[in-house]
Structure formats: C-alpha cells, structure tokens
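Structure first, then comments.
The values are calculated or read from the model by the stated rules, or taken from the named source; none is laboratory data. Since we're looking at a predicted model, the values are computed, not measured. Cβ placement follows ideal geometry from the backbone for every residue including glycine, while neighbour counts extend to all protein chains displayed.
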Amino acid sequence: MTNIRFLDKIAAHLLQKDTEQFNNTTIVLPNKRAKVFLLEALKKQIQTNIRAPRIISIEDFIQDIAGIRSIDAIALLFEFYEVYLSITDKKQQQSFELFANWAKTLLQDFNEIDRYLLDPKYVLSYLKDIEDIKKWGIEVENKTQLLENYIDFWKLLPKYYAALYTHLLAKKSGYQGLIYREAVANLDSFSKEKNNNFYLFAGFNALNASEEKIIQQLLAVDKAEILWDADQTFLNDPYHDAGLFLRRFKSSWKQYKTNPFDWIVDEFSQTKNIQVIGTPKTIGQAKITGSIIEKIIAENPTANLDKVAVVLGEENVLIPLLYALPASVGALNITMGYSGKNNPAQILIAKLFKMHTNALSRNAKNYVFYYKDVLDILTHPLVEPYAGTSKLVKIINENNYTFITHQKVIDLSSDPSELFLLLFKKWEKGSVAVLESVSELLLTIKNNLSNDSEEEKITKSFVYAIFKVINKLINYYSSHPDIDKIDTLHAIYKQVIDLAEVSFKGEPLNGLQIMGVLESRVLDFDTVIVTSMNEGKFPAGKSQNSFIPYDVKRELGLPTFKEKDAIYTYHFYHLLQRAKNVYLLYNTESDGLDAGERSRFITQLEVEKQDKHTLTQEIYNAEVPDTAYTPMVVEKSPLVMKRLAEIAKVGFSPSALTSYIRNPIQFYFQKIVRIREVEEVEENIALNTLGTIIHETLKALYDPFVGKFISETNIVDAFKLIDAEVLKQFKIVYKEGEIKKGRNLLAFEVAKRNVSNFLKVELESIKAGDAIKIIALETTFERELIHPSLPFPVLIKGNVDRIEERSVNGTPAVVRIIDYKTGKVEKSSVTLKTWNGLIDDIKYDKIIQVLAYAFMYEQHAGEKDIEVGIISFKNLKSGFLPFNFKDGKLDNYKIDKAIMDQFLEQLVLLLSEILDENMPFEEKI
C-alpha cells in the first residue's frame, strides 16, 4: 500500500463499512483542518451520493463528552484575576499587569495537571514543600516580610486552583485541561450510552493521559477503533523519537495484548530527493522558497500546487515569503497562527497607546504630543495612504515642531478625515471610551481596505484579530469599572496581545499550501519545503515555561522537553514520510535572533541515511560582485550642458565649486538635478543650524555700524544685546523647535558664548589700537570670469560674511574679507605652498572659498591691499587666520596680482573640467 496518502486510506476504510456502520461512525482527527481533506478523499472514491460522515477534532469530541465549552486564553486570564482577588488578602493583591506575568505560566501548569489527571492538591503542595526546603537554611529571625509573602504565595496555589476550577465549572466553561478532566469523569456514562455511535480515531501520535484513558475505554467496549499512521522505520528503531509514543502505546495498551498493531507502512525508506539548503537570514530563506516554487511551475506549468506544502518553522518568515512568491502562484492557502506581536495592526495600536499615554503624562491639561510619536502614527502604512497626512508631516518637519499640543495638531490639519480624527481623539473619558474609539478606528481601517489583492486580504485578517481583542477588553472593562487607569489599560493590552493569534482563512483544496508545523498533521504532500531548520527553532528548544521543576515532572509523568522534542520529531518525519521532493532550508548565520546551528534533524537524516534517499547539500549566498562598488558615472547630455550654462549665468558659488572637488556626483545631484535633502524635524540643533544662528546674530549686532568705525562703546553696548538677539535668531531659524531644555539649551548657551567671545576679541583689538571700519555684512558679491578656455562667460557669485577695513597701530588700512567658521580651523588650512593640486584635493576647500571672495571683491577694493581669511569660533585665540602663500620661507598674506593670476589659472582649469561636455561626472569613492 505504498504511496497511498493516509487520508485516502481512511476514506477507503470507511467505505468498506456497511451503510448503517458508515452513518453511525464519527471520525475524530487531531485538528479541524484535516476534515476538508478527508471529505475530498471520500468524494474521489465514491460513485453515488451518500451522506457525509460526522468529522470532528479531538478538542470538539472531548467537549462533547464533558458538556463544557472552551474559554479562550484572554477571557481565562480575566476570570482567573477575578478569582485571585476573591481569595488573596487585600494587602497582598497585585495589579493585573503584575498578576498576568506569573498567572499565564501557572495556568499552563494547571492545564498540564488536569490533562494528565494528576491530583492537583498533591502536585501544588509538593511545589510548596520544595520552596520550604529551599528556605530551611534561613534562621527565623532573618526571614523578611518579602520572604514570608513568597512562601504564602506557594501555600495559596491549591486554593487558586480549586477556586478557579469551581468558578469556571459553574459557568459551564473551562480551559483545555479542565474539560479533559471533566470528560474523563463523564466517561463511564458516555461509554455506556445505549446507542450505535462508533468513533474512529485517526492520525494521532502523542496522547495525554486523559486522551489515552478515553480512547482505551471506548476501544474496550467496542465503541471505537484507532488508525495509526506508523512507519516501520521509526516504529522498529527503539531509539528513534519519531516512534517514541507509538512504541509506548504498542507495548502498554491492553488493546494490543490480543490485537495486532495495524496500519504499519514502509513509506519513509522509499525514493526521496532531499535538498538541504543553507542561506543567510530569514529573507534569504523566503527568496529561495520563492525560487523553488518558480522552478516547479517552470518545469511543469500545469503542476498542481496543492500537492506542494511550505512549512514555516518560524512564523516571521511568512511576510517576506508572501513578497518572494512568484506572481504565477495564483491561489494560495495560509493555515497557521501568526503572533499578535508582529501584527501590523497591533503595531499601530501599540504606537497609538504610546502617543496618547505619553501626551497625558507629559501634560494632561494641554495634551502635548511628542513629534516622533505623531509621525510614527501618520506614516504608518495603515494610516498614511488613507488619512491624507502628508501635508501635516511636511509642516511638522519644516517647522521643527518637537512638542505639539493636541489643538495644534487639529489646527494644522486643514481638512481632517474621519480616520485622522479617530487617531487624535483625546483619551480623557476612561478606558471603555478609549477601547470603543480604538474599535471604531480598526473598523474604519478595515473599510479602507479592499479584497483586490492577497496582501489586502491578509491585512484585513490582521486588523480583525486585533479588533476581536479590543472588543473582548471592552466586555471585560464594562463589567470591571474599578480598573480604569489608562496606564493599567496599556499594561493589560500588552499582556493579552501575546495571547492573540491571527488565523488566516483560505480555500484549503486549491493552490499552494503555507502552514505551520502543527497544521501539517495527518496531511501528505508530494513536495515539502521546510524553513528555519535551526536548533532552537526546529525543534523549538528546551524552554521550561513552568513552575514545576524538571525532576518533578519526570516523577509525576508530566511531559518534559524530551516528549516535546519527540512530538516535533514525529511531525517532521511525518512531513517527509510520503514526500518525493524535500527542501530543508536553514539560516547559516551563527549569531542574531533568528540564528543558531543547523537543526539536529538534518544531521540525523545524514547519519541515518536511507539507501533510496538522495541527499544533497548547498549553501546559497548573495552574489558578491568582483568590485565592492562601481563608482557612478553620469555623461553630460545636452540637457546637462544646458543646465550648466544656466548655472554659469546665474552664478557658481564657492561652495558649489568645492562641492564638485569633494565629489562630482554630489555636485551633479545638488546643482544639476537639484535634489534637496529630505526635510526632517531637527530635534537637537545641528551644527549648520547653530552656525546660521551665530552668523545672523553677529550681522544683527554689527548692522548699525556698516560704513562706520567701531568704538569700544559700540562693542560694550553690543554685549547687552547678545541674549535677546541670540533668542530672536533661534526662533527665526529653529522655528517651533524646543530651545529651553536639554541639548538645545546647551546649544543656546554655546551660541551666546561664541558671540560673546568674538566681541571680546574685537574689543581687545580696538583697545590695542586697531581701527576697524565695517564695509559689508552677509553681502552677496559677483564677478564675471571670461577666459578663452571657457565655452562661455561664467559668473562667480557668493555671500561674504564680513568685509572690513582695518588699520593696525596706525599702519595703512587693509581690506579684510572674512569668512566665519563655527568649526575648528587651524592656520595650516589656509596656508598654501604650491598651486599644483589646488583643485584636486578637498583639503584646500577653504583656500578656494576665500580666494573666490577676493576675486569677486577685487574691483571694489580700489588701491587698498586685500587680505582674505577665516575666523574660527573654536579657535578664537588665533584671531583672524589670513590666507598665506608660503614661498620657501617667505610669507605672503596680501592678495596681489601674482596670487590672483595663479588662482584664476586654477579656477579656469576647474571650470573647464566642469563645463567640458566630453568629461562625465564621475563619483569619488
């Protein structure tokens, strides 16, 4: 019976029964998903119309016996909290957020105790005794109140269990373990019912104590049969974990003392092509999965992809995988749970909580938002396309709004949409109002989405999952008005969102199947692709999320990581059992969150390789080019030349020239294509902004003296204006930015100190006998350069910070052209020893800049000598740093004809290169 799918075998087995038997048989499967596939298998094997048999999951079957409905994890947590408050002394009671930290783990332990039919009082008292033994060494007088409270907590565990059990039973609801325990209690009456009901259990592997007892009792009274999917390779190997449970059942169940252990197959050892592929990171695995599927389609365009399964060992592969799948895939069926934490709708709500709780805590009266919180919301992919927020984002960035009031946000949005108003609706009327607002917001987002693409359908699933959580919280808060703080609500939301999984729905019989490991139970596929085959991911690792120690679990018969590994092993090998082509993908990176060594399952396949298996191994890495980076080259097209001619007419600035020397591509983007940097909020004052403030303050302080000589009194009076003028310039340049706190306050003080220090130096010069006359401040000068080597006249144009006439101790006045620098500049930066290489190295940028100023102003200087240089605010002790052409040991600070001719020769060479249509812009790296 090789190569027959397990569900096909079940269908054939059912159809061998007579009509009455068939109609009375209920098929019990490990999960609900397999039901559709079993019905399809039946449909293929029948020729006439028949009534479909009843097919249910083991969970539903146990609920039928117990007569109790299942409660979801979030509601259970709330119910337990109610019980906890009723039992715990008021002084010892914890807030919900603290309670939830340990309650989730304790509930898991309650669940295990019940599923394995242990005496809860014995187990929980055992835990208390262990804790008592741990504290024996502590003297009575050294026991603190904290320690006493800790021991009291363990004493209360049996009471918590009993009270929760009674509380849930009264409501006819329960967690899985409670339902199992009650089902076993009802088992005698259920199995003795006078009816013809018959139960067929199929596809099981690991069973808990409750399931074993129920199935064995029904087998004993001939009301059931069980069909295993057992492969002899694992069953006959006493050490193989894939057969661990089936070997136990075969040897210990009474059924098999007198009856054969049927349905043993030999599928795993048959011909298989197994490819082990390593690649870096999650994205790499998603891309390779997409390329494998693309290859399958290319080799057989009519291939039926419903026989191909992609099994994700880790859920975070899902989203990149959806983007990596080829368009030719068409139909797609996703059957897996996806954590609420990674849900994009959840991320939006988490950001919303952050924005509003921060605003309330910052200033509840004015409701002040932090700009990053606002931008996080406005630029979220579920908001940005639908809320019309781009204009507001631009305003916030351009005006440096660091902190912004609620009213200002509303005022700045000229025509706010419904979605926008819901996002920024004040959270002032209590938790229920907040939750109702969030619920309405999620509905609005859902209505914005269409069903035009798989992506939007999946996004709707994400939104709906969070919508359900929010509505459960509304129900809870409506009945518990005493818990009404927004901070508490935020903490509760963070706790319960961990329990919220997204369930995807699709057409299970059509298209590519994407699933988690547990969803693959009972199903068989021809081609299987498994991702995240790394230790700690597949299998999941030895995490002990329990209050019950490992040795106690072993003693009591509770499952440990050994049994959990065996379950994972069975699922993995069952995936491979009937598959013909298997692809096992793992992350080759040894560090990082999604990394680790490759799975032991891969090593096991190598060591225990079957004769008919072809096992190959490959490592895929991103293609690395021969050169790490190829410099960008842009040819000078007619349009580029046209733009250069425009710039030549309007004016080349010294900074544009030095920009070209620094990197021609930078010049191309800034001056030819005119691409500006993205406008962003400048939360902390940038150096260039600080420089602008200092420049503008000095201009304002010196403006009254343009065309005049400066006196000591003028400088003394200017000192008094520094604070007000710096503040005024801050507000002009930095707009709505916060300047009274943190680093910006320090920057404000730095600006004042720089201006003050500059005035001190100026005052000392005047006292020493210097006569200073201000000629121009922050003034634009220009001069046309005409030369035979240039294709057309070029205007050199720039803004000069300061021009003055200065006489030192009665010497003839010299024109000084000064450029302010807020950074540190040394004398060597304005000293030149040779003209060769001036236009090739960016280290000469300051020299080119000041000499260009000299060229522009030369005609205005008349007969007076010219000096050009820099005043560095971080090197004020050096004063004015003049350009110096050092010829051997001789210094030449004056800009004479020889200096200017040499400079112009270099400037013409630079401009000729820029304007040469045959010389492309080539990136410097």
(request) For Glu858, state whether it is modelled with pLDDT of 90 or more, in a strand (DSSP E or B) and of a type in the set (Asp, Glu). (result) no
(message) Please pick out the residue among Ile786, Ile899, Ile848 that is modelled with pLDDT of 90 or more, surrounded by 14 or more Cβ atoms within 10 Å (Cβ to Cβ) and touching a strand residue (DSSP E or B) at 6+ places or on another chain (Cβ under 9 Å).
(response) Ile899
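Any idea how many residues of the range 805-835 are in contact with a helix residue (DSSP H, G or I) (Cβ under 9 Å, 6 or more places away or on another chain) and either outside any loop (DSSP other than H, G, I, E, B) or not aromatic (Phe, Trp, Tyr) (or both)?
Number satisfying all stated conditions: 17.
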(request) May I ask you to list the residues in the range 565-602 that are part of a helix (DSSP H, G or I), out of contact with any helix residue (DSSP H, G or I) (no Cβ under 7 Å at 6 or more places or on another chain) and either farther than 14 Å from His240 by Cα or not charged (D, E, K, R) (or both)? (result) Ile567, Tyr568, His574, Leu576, Gln577, Ile602
(request) Can you work out which of the residues in the range 311-339 that are assigned to a strand (DSSP E or B) and touching a Ser or Thr at 6+ places or on another chain (Cβ under 6 Å) is farthest from Phe525 (Cα to Cα)? (result) Leu312
(request) Restricting attention to the range 177-212, report how many residues are of a type outside the set (Phe, Trp, Tyr), more than 46 Å from the chain's Cα centre (by Cα) and assigned to a helix (DSSP H, G or I). (result) 5
(request) At least 2 residues that are aromatic (Phe, Trp, Tyr) in each: list the helices (runs of 4 or more DSSP H) lying fully within the range 1-88 that qualify. (result) 73-87
(request) Go through the range 693-710 and count every residue that is part of a helix (DSSP H, G or I) and either crowded, with 17+ Cβ neighbours inside 10 Å or among the aromatic types (Phe, Trp, Tyr) (or both). (result) 11
(request) Run down Tyr199, Tyr256 and say which single residue is within 27 Å of Ile4 (Cβ to Cβ) and in contact (Cβ under 8 Å) with a residue 60 or more places away in the chain. (result) Tyr199
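Touching a strand residue (DSSP E or B) at 6+ places or on another chain (Cβ under 8 Å), in the same structural domain as Glu923 (by TED's automatic domain parsing) and at pLDDT 90 or above, is that true of Val582?
Criteria not met by Val582.
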(request) Could you pull out the residue among Ile50, Ile87, Ile55 that is surrounded by 20 or more Cβ atoms within 10 Å (Cβ to Cβ) and either at pLDDT 90 or above or farther than 30 Å from Ala309 by Cα (or both)? (result) Ile55
(message) Looking at Gln859, Gln849, can you tell me which residue is farther than 16 Å from Val706 by Cα, in contact with a helix residue (DSSP H, G or I) (Cβ under 6 Å, 6 or more places away or on another chain) and either not charged (D, E, K, R) or not assigned by TED's automatic domain parsing to the domain that holds Asp891 (or both)?
(response) Gln849
(message) Looking only at helices (runs of 4 or more DSSP H) that lie completely in the range 349-403, which have at least 3 residues being out of contact with any Leu (no Cβ under 8 Å at 6 or more places or on another chain) and of a type outside the set (S, T, N, Q)?
(response) 371-378, 390-398
(request) For Tyr570, indicate whether it is in contact (Cβ under 8 Å) with a residue 12 or more places away in the chain and over 28 Å from the mean Cα position of the chain (by Cα). (result) yes
(request) Check the range 402-410 and report whether any residue there is under 21 Å from Asn744 (Cα atoms), at pLDDT 85 or above and hydroxyl-bearing (Ser, Thr, Tyr). (result) yes
(request) Go through (1) in a loop (DSSP other than H, G, I, E, B); (2) not assigned by TED's automatic domain parsing to the domain that holds Gly516 and name the single condition Thr302 misses. (result) (2)
(request) Report, by residue number, each residue of the range 824-845 that is in contact with a strand residue (DSSP E or B) (Cβ under 7 Å, 6 or more places away or on another chain) and surrounded by fewer than 13 Cβ atoms within 10 Å (Cβ to Cβ). (result) Lys824, Lys833
(message) Please verify whether Leu473 is part of a helix (DSSP H, G or I), modelled with pLDDT of 85 or more and not hydroxyl-bearing (Ser, Thr, Tyr), treating the condition exactly as stated.
(response) yes
